[in-house]
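**Q** Sharing a structure below in structure tokens format, with a few things to ask.
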């Protein structure tokens, strides 16, 4: 029986572990050949919780076990030339990219640090580059080909932190970078829509990845769940379900949208303040 993404080529950045790995595996399950870009294709080894989840040596091997082609390239997402070279390598091995999930990014520094008027400049620049610049570089490497061929799906990963503010103004470097991606994606959607290319965002909330689940426990789960209407953490499958929607023709008339996967987190997030869940 044909699968929804048979014959398609997908690229996922930051897919060696965590949510990126979940997105890559879901696209492979749907029949797509999957390219993976990460600064370290075995970065999962630095996190015991992530390493336990892998069923093979790399995400690419896991994808191949699902019966599809897969290729990987190591690149620093903050280096424009490296990103373009990695995309070219993936396309050489798998063919033109039909779907791109810009997932690479992440924060830096203490959770209660980098308040809006008290930024650590080194961390500010690093986080902006790995999130916003990396997404822009990847889209500029991939999207022109999509426009030329008249088909494409762009899924940019932001965060609930890019949509609502922490109550103490903390983690402003990360939140502002994710907010920038959201606006960039809306502009991209306006440009590419006439070429049968869509660009959308997924905004995960508190997701229990192999790396983060222990952090939630150490900090006290109620610290986070008091912000969530459903009073539970999201799963990587919750996020992969939305990526499946945005990466397939189920979302053929969805363009420039932001889909939250937050369990109902609205307004502001109470962070770094004592409270009960």
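Yes/no matrix, rows are residues, columns are (1) at pLDDT 95 or above; (2) in a helix (DSSP H, G or I); (3) out of contact with any strand residue (DSSP E or B) (no Cβ under 8 Å at 6 or more places or on another chain); (4) within 17 Å of residue 100 (Cα to Cα):
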| position | (1), (2), (3), (4) |
| --- | --- |
| 161 | no, yes, no, no |
| 169 | no, no, no, no |
| 174 | yes, yes, yes, no |
| 183 | yes, yes, yes, no |
| 188 | yes, yes, no, yes |
| 201 | yes, no, no, yes |
| 209 | no, no, yes, no |
| 215 | no, yes, yes, no |
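**Q** Counting only residues that are over 21 Å from residue 84 (Cα atoms) and either crowded, with 21+ Cβ neighbours inside 10 Å or touching a residue at least 40 places away in the same chain (Cβ under 8 Å) (or both), how many does the range 95-117 have?
**A** So the answer is 10.
**Q** Considering only residues that are crowded, with 24+ Cβ neighbours inside 10 Å and farther than 14 Å from residue 76 by Cα, which ones fall in the range 27-43?
**A** 27, 28, 32, 33, 34, 35
**Q** Going by the conditions given, is residue 155 surrounded by fewer than 18 Cβ atoms within 10 Å (Cβ to Cβ) and closer than 29 Å to residue 115 by Cα?
**A** Judged against the criteria, residue 155 is not a match.
**Q** Find the residue count for the range 229-276, including only residues that are within 21 Å of residue 22 (Cβ to Cβ) and at pLDDT below 90.
**A** 1
**Q** Here is a follow-up. If you go through the range 131-149 one residue at a time, do you hit one that is under 26 Å from residue 270 (Cα atoms) and either modelled with pLDDT of 95 or more or surrounded by fewer than 23 Cβ atoms within 10 Å (Cβ to Cβ) (or both)?
**A** Yes.
**Q** (1) over 19 Å from the mean Cα position of the chain (by Cα); (2) surrounded by 22 or more Cβ atoms within 10 Å (Cβ to Cβ): which one isn't true of residue 120, the others all being true?
**A** (2)
**Q** In the range 106-156, what residues are part of a strand (DSSP E or B) and touching a helix residue (DSSP H, G or I) at 6+ places or on another chain (Cβ under 7 Å)?
**A** Within the range 106-156, 115, 152, 153, 154, 155, 156 meet the criteria.
The values are calculated or read from the model by the stated rules, or taken from the named source; none is laboratory data. Owing to the predicted nature of the structure, the values given are computational and were not obtained by experimental measurement. FYI the Cβ positions are ideal-geometry reconstructions off the backbone, even for glycines, and counts take in every protein chain you see.
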